[in-house]
Amino acid sequence: MVLGTPTADSSKLFAMTVTEGDPTWAGPLAGAGLGVPAYHVIEEIIKSQIDADTYEEEVGLMEMTLEDPEGILEAVAGVRESNGLS
């Protein structure tokens with residue numbers, strides 16, 4: 001799953017939802033972990049697979065305006081690591 005979420009908290013929540021199941025127990029994935037590894041679009045492993053011009057046009061502005069890109073990367077990687085998906 002490739003995320004484009006704007007904060008570390010939202011990134012972690014969505015990553016946990018597709019990997020472990022909905023942690024709020026409110027949605028259809030409550031208790032239903034899919035084991036899907038999540039990555040954020042700004043991670044180098046994803047970014048490197050996208051044409052540079054397309055990335056700049058579609059993601060560049062969003063990436064520049066993120067308040068805590070390192071926090072986002074750490075949150076998503078942490079979910080993968082805690083589930084043995086890294």
Helices (runs of 4 or more DSSP H) within the chain that include 3 or more residues surrounded by 14 or more Cβ atoms within 10 Å (Cβ to Cβ) and hydrophobic (A, V, I, L, M, F, W, C) = 8-19, 69-82
For residues in segment 3-24 being touching a residue at least 24 places away in the same chain (Cβ under 8 Å) and over 20 Å from Asp68 (Cβ atoms), which is farthest from the chain's Cα centre (by Cα)?
-> Glu20
Scan segment 42-59 for residues that are hydrophobic (A, V, I, L, M, F, W, C) and more than 20 Å from Asn83 (Cα to Cα) and report the count.
-> 4
List every residue pair whose Cβ atoms sit under 7 Å apart, with the two residues 6 or more apart in sequence or on different chains, where the first one lies in segment 25-49 and is farther than 20 Å from Gly4 by Cα and the second, anywhere, is surrounded by 11 or more Cβ atoms within 10 Å (Cβ to Cβ) and among the β-branched types (Val, Ile, Thr).
-> Gly33/Thr19
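Read the figures in this text as sums done on the coordinates, not as results from a lab. Everything numeric here is computed off the predicted structure, so don't read it as measured data. Neighbour counts are summed over all protein chains in view; Cβ atoms, including those assigned to glycine, are modelled from backbone coordinates with ideal geometry.
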